[in-house]
1. How about region 221-231: which of its residues are surrounded by 13 or more Cβ atoms within 10 Å (Cβ to Cβ) and not aliphatic (A, V, I, L, M)?
2. Can you name the strands (runs of 3 or more DSSP E) wholly within region 155-241 that have at least 3 residues being not hydroxyl-bearing (Ser, Thr, Tyr)?
3. Has region 113-124 got at least one residue that is part of a loop (DSSP other than H, G, I, E, B), at pLDDT 95 or above, surrounded by fewer than 18 Cβ atoms within 10 Å (Cβ to Cβ) and not aliphatic (A, V, I, L, M)?
4. Looking at region 129-178, which of its residues are without any contact (Cβ under 8 Å) to a residue 24 or more places away in the chain and in contact with a strand residue (DSSP E or B) (Cβ under 8 Å, 6 or more places away or on another chain)?
5. Please indicate, with yes or no, whether at least one residue in region 193-200 is surrounded by 13 or more Cβ atoms within 10 Å (Cβ to Cβ) and under 23 Å from residue 50 (Cα atoms).
6. Of the conditions (1) in a helix (DSSP H, G or I); (2) among the aromatic types (Phe, Trp, Tyr); (3) in contact with a helix residue (DSSP H, G or I) (Cβ under 9 Å, 6 or more places away or on another chain), residue 144 fails just one. Which one is it?
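The values are calculated or read from the model by the stated rules, or taken from the named source; none is laboratory data. Given the structure is predicted, the values throughout are model-derived calculations rather than measurements. Here Cβ is always computed from backbone atoms with ideal geometry, including for glycine, and neighbour counts include all displayed protein chains.
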Amino acid sequence: MPGFSEGMQHVSRDEQRHIGFGVKALSEIVPQSDECKAAIVELLREVNKYSMGVFCPPDYDRAYSQCWGFELEDIYAFGLKLVRQRWKTIGFPLEEMPADVWPIDHSMSPEDIASRQIKLLLAGVTGGPTDNPDGSQEVQEIFFDVMARSANKKGAGNGPFTVQWRFTDAAPWHLVVNNGSTHASAGQAAHPDVTLSTDWGEWVSIAMNDANPLKSIAGRRLRPKGSPRALNTFRKVFPGK
């Protein structure tokens, strides 16, 4: 189909001009403006949770990309490479943004990062809201690693702060927030500061800002336990978006 191929080349060139102009304009503004950086962070916090699902095929059918010789992981890894390159050119690398904007291990390869992100997408954790997200051990491990990287460590004060999740339909996990040693682990914590009892789907909805935690508490779908001080610390460590 020569006509189709030629048309796509024109589209590609046009898009590259738009992207090039945007990168050039931002590279002249962003390094000199903390206000501009703050606006970028605010916008990325709002859209990043949806961006993972932009290229999600209908019914998660991989055939939509495989018929062109690509896996979803290939496409997402390619996209991440471009995103990294362009923000570096702009002068605001991903590594310099607040940890919750890109809560990933930046030392990993784009391919490995993409593989983990696709697993969350296909599990129904990221992308559009899902009634029954996968709560398997592998999915929980990736999910809580993201939570650990997203935590506002300064909100925990000087000492370690431990949060325990007890799910009615999935394995328990806990997260210890501490400067330099924040980590998430499967199982029960010995002495948690805050315990959250709920089901896996409810917590995923809350974490992805698809459900209001106050409504979940009022409906007894989320039952927090801890001292008023500890609950206030939790709100500082995991502020709502």
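1. Keep residues of region 221-231 that are surrounded by 13 or more Cβ atoms within 10 Å (Cβ to Cβ), which gives 221-222, 224-226, 230-231.
Matches in region 221-231: 221, 224, 225, 226.
2. Working: elements: 161-167, 173-177, 183-186, 194-198, 222-225.
Where strands (runs of 3 or more DSSP E) fall fully within region 155-241 and carry at least 3 residues being not hydroxyl-bearing (Ser, Thr, Tyr), they are 161-167, 173-177, 183-186, 222-225.
3. No; the residues of region 113-124 include none that is part of a loop (DSSP other than H, G, I, E, B), at pLDDT 95 or above, surrounded by fewer than 18 Cβ atoms within 10 Å (Cβ to Cβ) and not aliphatic (A, V, I, L, M).
4. 160, 172, 174, 176
5. Residues of region 193-200 surrounded by 13 or more Cβ atoms within 10 Å (Cβ to Cβ): 193-200.
Remaining after also requiring under 23 Å from residue 50 (Cα atoms): 199-200.
Taking every residue of region 193-200 in turn, at least one turns out to be surrounded by 13 or more Cβ atoms within 10 Å (Cβ to Cβ) and under 23 Å from residue 50 (Cα atoms).
6. For residue 144, the exception is condition (3).
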